[in-house]
Amino acid sequence: MSKRVIWAVAILGGAILCAPARSQSDVGVVRVFTEPPGIYFTVDGQSFISQASFPWPANSKHIVTSSDQTQAIPGNRFAFKGWLTNLSAGSPSMSQPITAGNGLQWVKLVFDTLYEVTIQLVDCPDPAQPCPSAGRVEVNGDSFDRRTKIYLAPNATIEARAFPNAGYVFTGWAQITGLGAVPKAFVITFQLLGPTQLTPFFQPANSVQVQTNIQTIPPNLQVLVDRTPITGSAALEWGWGTIHSLGANPVQQDHGISYVFDSWSDGGAINHDVQVPSEPGTLNFTARFVPGSYVLFATSPAGLSLSIDGRQNWPNYSFEWAPGTIHKISAPATQTDAQGRKYRFVSWSNGKPAAFDYTTVAAPGGDVITANYQEVGQVTITSVPAGLAVEVDGAACSTPCALEREVGASVGVSVAAVQNTDDRSRLVFHGWSDSTALTRVIVLSSGSRTYTANYSQQHRLSVSVTPPEGASLAFTPSSPDGFYDAQSLVTVTLKLALGFRVNTWSGDFSGTSTGAAVSMDSPHSTLLVLDRVPAIGPAGIRNAAAGAISDGLAAGSLISIFGASLAPGLQVGVPSPLVQTLQGVTVRVDDTFLPLVFVSPQQINAQLPAALPEGSHKLILRWEGKPETVAAISVVRNAPGLFIGGTPDQPIGAVVRAGGQPVTADHPARANEVVSLLGTGFGPYAAMPPDGFLVDETGGYTLVDPVLVFAGETGIADILYAGRSDAGVGVDAIRFRVPATLPESPFLSVRIQIGGRDSNTVLLPISR
């Protein structure tokens, strides 16, 4: 299928123009308008007013033009300011090509509005040819002598002056919008509220004039008549009923003499208006001047301000005043110079108070009067945070504290090390910007200075433990009293005592961990609740004979288990047979429960099974309702330990006589006496004794391994029995005869050796 091209046909000036037709999407509607509305503009040479919309193909070029206009709204002029579109800021050009498309939606032409001011004077038909006029008008300094139209911004301030030409007098203005009464003054000022006509009225002088004479005393000084300078005297012609201004410069020089305005002959102020009567006559005005007296007001130091006749903004304080005149003079009580230094009034050089009336006198060379000031040292004591208590020269003050003293004076300042304290938060002094002293002396210097006491917020971290003996706490960083700088990070590390575990943290902490970290953004408190749990201490399972030196335990021997929270309390079992449960506590090795001698929170005594093989085993301790605790034990063939009945400093052995009476220091053994040395863990027996039961020596429970008994380093040969004893469950006995020859010492050191393993050494009380 062949392609087809659709053509759009237009007839223009009799010619047929052909172009490819554009789709509907290639045409955009563009709105062109003016601001303010109602102004003429052209688009592609065609004129429009206010606004118009155009269907423009994309990328087509168009010319939008406009210019300054007065015809749109009578009395107004519209000055072209520039154009802009919804796509760009535009340009001040009055003729601008516009390219359609790319999202172009509108074009705005912006104008400034000006109001027409018509100056109604003689309308000369040929501006190039002069024509007679009764007078001229000045508008904001521009002079006009014929009918003219000017354009000014709305609300502009207009100052208009009327000047009559020779043979004419000015008699007033026509009514002007914005002024109340019909203006008669030569000079008028008003605000431009809309199109306005300025119409001055001039009359021939011979019909409405009043002869006016102006002069000065002394002659040849200058006055202002209708704001026009006149020197000496002048004869003027003023119209009936018109208003004119009289004025004078207050101080003038003539032949080296200063003259000061004194008065007008009509009693008016130095600058005042006069109204001409509406009848013929003559007016005379005389400005009287007198020789001035020079007076200078100064300050020490220089550059400070004074009030002269109620005014402070004088360019300087030198004056020419008429003698005898009275003036109000005042020196401020305090003031600050440009450098920020403060001064206090002390005195005038003429001895007057700060405010006084000065009567001008004619003094040769003039008069000089000086206001004397003393510089004030200024110190401000502040704190971070503000509002804290300080002491200044012993008096309490809440910061900021502003102090004023003479320069060089000293001020004592003291602050507290800690402020606003309670049991949870406080403020701690960290120092001044130039010192860390709590008490200091400040010497006031020139100008103003500020001293700041810097405090930091601290909060307390309170951690308690229950039960208190269950753990120790370490804090990083450390604090002597639990207070920490605000926002600091504090780490709490928990060291549990043996037999305790964490139940929970409460308060500002939570969980069950053994440590915590907290940001001290506020006071924090927490309670650590601990549970008691059975725990066997390190190397906590030993031969029940205190002081035994074996590194293992023998089967069938008595053992001691040391730790914490092993049982709820102390309970001693029956002597025989031993039970396997006391206070809900059991002990087993591997799967065999042990007979228990007694249980307590820190120690349990039990008997190992006689049939327990050598090697490593697990001992499991259980307190019903609490977690089990496990420890490893090593079982060896021989682990002899001798019981002692004395103190560690005097370990008297557990020794009994044949009748069962103990050998003591008060009842020592004698030479050749038969005694039994008691202990446990001596090794295997010829016949295995029953666990947990008390047996006697007749049951054949003798030791298998040979026993050596040493008195000092000398062996005792006369051993009568070695085996299980009826002194207690798990107790072994070695019966021997005390040597016939004994040392003079009250004690004989005794130890045994079985299977190459030594027992601990005990003392046998002896007597020769």
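The table below gives the values:
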read-out: From 512, 526, residue being among the hydroxyl-bearing types (Ser, Thr, Tyr), closer than 30 Å to residue 568 by Cβ and either modelled with pLDDT of 95 or more or open to solvent by less than 60 Å² (accessible area, probe 1.4 Å) (or both); value: 526
read-out: Check on residue 577, open to solvent by less than 20 Å² (accessible area, probe 1.4 Å) and touching a residue at least 40 places away in the same chain (Cβ under 8 Å); value: no
read-out: Residue within region 618-639 that is in contact with a strand residue (DSSP E or B) (Cβ under 9 Å, 6 or more places away or on another chain), open to solvent by 10 Å² or more (accessible area, probe 1.4 Å), free of Cβ contacts under 8 Å to residues at least 40 places away in the same chain and not aliphatic (A, V, I, L, M) present; value: yes
read-out: One residue from 568, 534 being of a type outside the set (Gly, Ala, Ser) and touching a Ser or Thr at 6+ places or on another chain (Cβ under 6 Å); value: 534
read-out: Matching residues, region 75-91, being open to solvent by 40 Å² or more (accessible area, probe 1.4 Å) and in contact (Cβ under 8 Å) with a residue 40 or more places away in the chain; value: 77
read-out: Positions within region 647-670 being over 11 Å from residue 765 (Cα atoms) and in a loop (DSSP other than H, G, I, E, B), in sequence order; value: 648, 649, 658, 659, 660, 661
read-out: Hits in region 705-733 (condition: of a type in the set (Val, Ile, Thr) and either buried (at least 16 other Cβ atoms within 10 Å of the Cβ) or touching a helix residue (DSSP H, G or I) at 6+ places or on another chain (Cβ under 6 Å) (or both)); value: 707, 709, 716, 719, 729, 731
read-out: Search result, residues across region 374-407 that are open to solvent by 20 Å² or more (accessible area, probe 1.4 Å) and either touching a helix residue (DSSP H, G or I) at 6+ places or on another chain (Cβ under 8 Å) or in contact (Cβ under 8 Å) with a residue 60 or more places away in the chain (or both); value: 375, 378, 380, 382, 384, 385, 404
read-out: 2 or more residues surrounded by 17 or more Cβ atoms within 10 Å (Cβ to Cβ) and among the hydroxyl-bearing types (Ser, Thr, Tyr): qualifying strands (runs of 3 or more DSSP E) within region 159-200; value: 168-173
read-out: Condition broken by residue 678, with the remaining ones in (1) modelled with pLDDT of 95 or more; (2) assigned to a loop (DSSP other than H, G, I, E, B) satisfied; value: (2)
read-out: Residue 293 being in contact with a Phe, Trp or Tyr (Cβ under 7 Å, 6 or more places away or on another chain), open to solvent by less than 70 Å² (accessible area, probe 1.4 Å) and over 27 Å from residue 171 (Cβ atoms); value: yes
read-out: Pick from region 694-704, criterion touching a residue at least 24 places away in the same chain (Cβ under 8 Å) and not in a strand (DSSP E or B), ranking: surrounded by the fewest Cβ atoms within 10 Å (Cβ to Cβ); value: 696
read-out: Residues that are part of a strand (DSSP E or B), open to solvent by less than 60 Å² (accessible area, probe 1.4 Å), touching a residue at least 24 places away in the same chain (Cβ under 8 Å) and small (Gly, Ala, Ser), drawn from region 429-471; value: 453, 456, 462, 464, 471
read-out: Residues (part of a strand (DSSP E or B), exposed (fewer than 14 other Cβ atoms within 10 Å of the Cβ) and within 28 Å of the chain's Cα centre (by Cα)) located in region 472-483; value: 476
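Yes/no matrix, rows are residues, columns are (1) more than 51 Å from the chain's Cα centre (by Cα); (2) open to solvent by 50 Å² or more (accessible area, probe 1.4 Å):
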| residue | (1), (2) |
| --- | --- |
| 242 | yes, no |
| 250 | yes, yes |
| 266 | yes, yes |
| 272 | yes, no |
| 306 | no, no |
| 313 | no, yes |
| 329 | no, no |
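The values are calculated or read from the model by the stated rules, or taken from the named source; none is laboratory data. Just so it is clear, the model here is predicted, and its values are computed rather than measured. A quick note on method: Cβ atoms are made from the backbone with ideal geometry, for glycine too, and the neighbour counts reach across all protein chains shown. When the accessible area is computed, the model is the full protein with side chains, heavy atoms only, and any ligands, DNA or RNA have been set aside. Shrake-Rupley method; radii C 1.70, N 1.55, O 1.52, S 1.80 Å.
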